[in-house]
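The values are calculated or read from the model by the stated rules, or taken from the named source; none is laboratory data. Fair warning: this is a prediction, and the values are worked out from it, not measured in the lab. Using ideal geometry, Cβ is built from the backbone for each residue, glycine included, and neighbour counts are taken over all protein chains shown. Surface areas here come from the heavy atoms of the whole protein model, side chains and all, with no ligands, DNA or RNA. Shrake-Rupley method; radii C 1.70, N 1.55, O 1.52, S 1.80 Å.
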Amino acid sequence: MAHPDELETLTKAFSGHGIHEQALISILGKWQPEEKKSFRKGNPNLFIEDERNFERWDDHHVRLLKHEFMRFKNAVVLWTMHPWERDARLVKEALKKGPQSYGILIEISCTRSADELLGTRRAYHSLFDHSIEEDVAYHVNGSERKLFVALVSAYRYEGSKVKEDVAKSEAMTLSNAIKEADKRKPIEDDEVIRILSTRSKPHLQAIYKHYNEISGKNIDEELDIDLRLNETVQCLCSPQKYFSKVLDTALTKDTDKNIKKALTRVIVTRADTDMKEIKQEYNNQFGVPLSKKIEDTTNGNYKDFLLTLIARGG
C-alpha cells in the first residue's frame, strides 16, 4: 500500500499546469506493483475500470498529460525564439485554431511597437510564403475581418504629440457609434476601425480620457457588447489590465488546455517588456501576487521557469 503522503504528492504532480517531474522520479521509481495499484484505485479521475475490473488510464487524461509534459519544452522553445518568429508562429497557430484564438491576433497587433509588428510581418513572409494580411483576410469571416486586417497592417506613429481637439472629436465619434449599436455594430463602422487601427497609442489614451469625460464611463466597459473591440481597446490603452485578466483565466484550475497555453505565451512575450507593471496590476485586480498564484497552480520545471522569467523585471 502506498503511503498517503506519497499518493497526495503524486496526485498533485499530475494536476494543475505542468508536471512535477522530481516527484514522479523520487516516488514512482521506488514503488512496487501494489503501491502503483493503490494509486490507480485512488484516482478514478485518471484511471477507469471496465466490466472485467481491468484498470487502465483514461484516454482523455492521457491526452491532457501529454500537453502538461510539453509545457516546459514549449516555454523554453518560445523563449529562445526570435521575437518576430515567435509572434509570426503565434499568429499562424491562432488562424489555424479559429475564432476561439482570434484574440491573439489583437494582442500581437496592438501591444507590439510599430517596428516589432513590421518585423513579425517580415518573419511571417519568410516562414509561410504568405503575408499576415492575406491569411487574416482569407481565414477570418464576418464583421471581424476588416478590423483584424486593419490592425495587423498598422504602422502607428510612436511620438508623443497629440492634438487634443481631434482626440475629443474622435471620442465623440466612438461614443455615437456605441449609442447606435442597435442599428449598426460598432465593429462594422469604418470610422471606428480607422481610429483604432491608425491612431498612435498616446492619441488613443487621450481619446480614452475624453470618452470618460463625455459619457461618464470607460470605453472598454461600454464595449462589453463587442468582445473584439473591447479586447482591442484594452490592448491599446491598458495592456497590463488585459494581460492580468488573461493570466488569471489561464491560471484557473481545470481550465481548457488551449486557455492554459496563454500562461506561457503572456509570460514569455512580456518578460522583458512590461512584466513589472503586469505584476502590479495583477496584484491590484486579484489581491494576490502573480508569483504566489503561479507557485500554487503550476508544477515542476515549468513552474520554476515561469517564476524565473517573471522575476527578471524586478
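Observations on the model:
- Pairs linking a residue in segment 39-57 that is on the phi < 0 side of the Ramachandran plot and open to solvent by less than 90 Å² (accessible area, probe 1.4 Å) to a residue that is part of a loop (DSSP other than H, G, I, E, B) and charged (D, E, K, R), with Cβ atoms under 9 Å and 6 or more positions apart or on different chains, are Asn45/Asp58; Leu46/Asp58; Phe47/Asp58; Ile48/Asp58.
- Pick from segment 11-38, criterion open to solvent by less than 90 Å² (accessible area, probe 1.4 Å) and either part of a loop (DSSP other than H, G, I, E, B) or of a type in the set (Phe, Trp, Tyr) (or both), ranking: nearest to Ile267 (Cα to Cα): Gly18
- Segment 102-124: number of residues that are farther than 20 Å from Pro202 by Cβ and surrounded by fewer than 18 Cβ atoms within 10 Å (Cβ to Cβ): 1
- In segment 269-314, the residues that are buried (at least 18 other Cβ atoms within 10 Å of the Cβ), within 21 Å of Thr111 (Cβ to Cβ) and of a type in the set (D, E, K, R): Arg270, Lys279, Glu281
- Helices (runs of 4 or more DSSP H) (entirely within segment 146-226) containing at least 2 residues that are among the basic types (Lys, Arg) and exposed (fewer than 15 other Cβ atoms within 10 Å of the Cβ): none
- Filtered residues of segment 100-130 (kept if more than 15 Å from Leu151 (Cα to Cα) and either part of a helix (DSSP H, G or I) or touching a residue at least 12 places away in the same chain (Cβ under 8 Å) (or both)): Gln100, Ser101, Arg122, Ala123, Tyr124, His125, Ser126, Leu127, Phe128
- When Lys260, Lys279 are checked against the criterion of being at pLDDT below 95 and within 25 Å of Arg112 (Cα to Cα), a single residue qualifies: Lys260.
- Members of segment 124-149 that are of a type in the set (A, V, I, L, M) and either within 21 Å of the chain's Cα centre (by Cα) or at positive phi (or both): Ile132, Val136, Val140, Leu147, Val149
- Test: residue in segment 70-84 that is over 19 Å from Ile267 (Cβ atoms), loosely packed, with under 15 Cβ neighbours inside 10 Å and not β-branched (Val, Ile, Thr): no
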